[in-house]
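The values are calculated or read from the model by the stated rules, or taken from the named source; none is laboratory data. For clarity, every value in this text was computed on a predicted model and none was experimentally measured. Counting neighbours? That spans all protein chains shown, and the Cβs are built from the backbone with ideal geometry, glycine included.
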Amino acid sequence: MIIYYLQRRAACGSVGTGRRARLRILWQQCRVGSSPIFRRREGPQDFVINVLSFFVYAEDYSPFVRQKEEKMEKIASFTVDHIKLQPGIYVSRKDHIGTETVTTFDLRMTSPNEEPVMNTAEVHTIEHLGATFLRNHPVYKERVLYFGPMGCRTGFYLLLSGDCSSEQIVPLITELFEFIRDFEGEVPGAAAKDCGNYLDMNLTMAKFLAKKYVEQVLYGIQEDRLVYPE
Ligand SMILES: [Zn+2]
């Protein structure tokens with residue numbers, strides 16, 4: 001009866017997320033033989049599987065596990081009001097590793113949930129050009145830890161070593177996007193040997209987006225585009 005109840009709950013969608021949920025689905029398919037890869041004759045081993053499955057489900061619904069799941073807090077970047085957020089340069093977070101500080105910048109290029117997001121090809125091109133530019137920069141190259149796209153495709157993250165403000169890096173970011181805007185020729189690293197998806201590139205759109213960011217956001221940027229909205 002308990003197993004039936006727990007199975008119903010799982011079937012109704014009140015399952016967890018991520019690896020645990022996938023494992024549970026796989027386990028369920030194995031148990032009931034609903035997936036062809038697990039289809040087999042009923043046998044005495046099913047009794048053992050039934051007993052084990054009780055513990056798998058019971059663990060998920062034990063107060064201890066509940067408590068552990070409830071402790072997961074919303075991460076800082078999800079607390080930013082993405083409805084009010086406009087394109088700009090923002091300090092996303094500062095992390096302290098030993099005596100060092102790492103500043104993560106939010107280079108927001110499109111207005112979230114308002115404007116169309118960038119396509120992967122142009123995001124990929126900006127990533128290749130941006131990383132190449134930053135890692136060759138005469139002043140900042142030693143401080144660049146990472147440059148890469150946001151999963152939502154509305155901007156990029158830049159991680160720099162040191163405690164920095166968004167105002168401080170306006171010249172660097174302007175220089176970076178002017179470089180992309182004016183870039184001509186072969187995109188660096190766009191070759192099968194150097195990249196995992198080298199054909200997914202769109203230099204024309206990357207240049208268009210860089211131009212838009214430089215001209216509409218970076219030139220004459222004001223305080224409201226340098227500090228996250230309240
Ligand atoms: Zn690539």
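Here Q216 clears all of (1) more than 16 Å from the ligand (Cβ to nearest atom); (2) farther than 22 Å from F78 by Cα; (3) crowded, with 18+ Cβ neighbours inside 10 Å except the condition numbered (3). Considering the stretch 202-213, the residues that are under 26 Å from I83 (Cα atoms) and of a type outside the set (G, A, S) include one that is surrounded by the most Cβ atoms within 10 Å (Cβ to Cβ), namely Y213.
Return a yes/no flag: does the stretch 185-203 have any residue that is touching a helix residue (DSSP H, G or I) at 6+ places or on another chain (Cβ under 8 Å), away from the ligand (no atom under 16 Å from the Cβ) and closer than 14 Å to F133 by Cβ. Scanning the stretch 185-203, I find no residue that is touching a helix residue (DSSP H, G or I) at 6+ places or on another chain (Cβ under 8 Å), away from the ligand (no atom under 16 Å from the Cβ) and closer than 14 Å to F133 by Cβ, so the answer is no. Pairs meeting the criteria (first residue in the stretch 187-201 and surrounded by 15 or more Cβ atoms within 10 Å (Cβ to Cβ) and at pLDDT 95 or above, second residue assigned to a loop (DSSP other than H, G, I, E, B) and of a type in the set (D, E), beta carbons under 9 Å, at least 6 apart or on different chains) are P188/D194. Kindly indicate which of L107, L160, L176, L134 is buried (at least 20 other Cβ atoms within 10 Å of the Cβ), at pLDDT 95 or above and more than 24 Å from N202 (Cβ to Cβ). Being buried (at least 20 other Cβ atoms within 10 Å of the Cβ), at pLDDT 95 or above and more than 24 Å from N202 (Cβ to Cβ) holds for just one of L107, L160, L176, L134, which is L160. Checking each residue in the stretch 127-169 for being out of contact with any strand residue (DSSP E or B) (no Cβ under 7 Å at 6 or more places or on another chain) and under 21 Å from L85 (Cβ atoms) picks out G151, C152, R153, E167, Q168.
What tally of residues in the stretch 115-144 results from selecting those that are assigned to a loop (DSSP other than H, G, I, E, B) and either within 16 Å of the ligand (Cβ to nearest atom) or not acidic (D, E) (or both)? Residues flagged as assigned to a loop (DSSP other than H, G, I, E, B) and either within 16 Å of the ligand (Cβ to nearest atom) or not acidic (D, E) (or both) within the stretch 115-144 amount to 11. Going through (1) in contact with a Gly (Cβ under 9 Å, 6 or more places away or on another chain); (2) touching a residue at least 40 places away in the same chain (Cβ under 8 Å); (3) within 30 Å of T99 (Cα to Cα); (4) surrounded by fewer than 20 Cβ atoms within 10 Å (Cβ to Cβ) one by one, S165 falls short only on (1). Can you spot a residue in the stretch 207-230 that is among the small types (G, A, S) and under 14 Å from L107 (Cβ atoms)? Yes - at least one qualifying residue is present in the stretch 207-230.
Of all residues in the stretch 138-150, one or more are modelled with pLDDT of 95 or more, buried (at least 17 other Cβ atoms within 10 Å of the Cβ) and among the hydroxyl-bearing types (S, T, Y).
Residue-by-condition table, conditions (1) among the polar types (S, T, N, Q); (2) out of contact with any Lys or Arg (no Cβ under 9 Å at 6 or more places or on another chain); (3) touching a residue at least 60 places away in the same chain (Cβ under 8 Å):
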residue: K94; (1), (2), (3): no, yes, yes
residue: G98; (1), (2), (3): no, yes, no
residue: F105; (1), (2), (3): no, yes, yes
residue: V117; (1), (2), (3): no, no, no
residue: A121; (1), (2), (3): no, yes, yes
residue: H124; (1), (2), (3): no, yes, yes
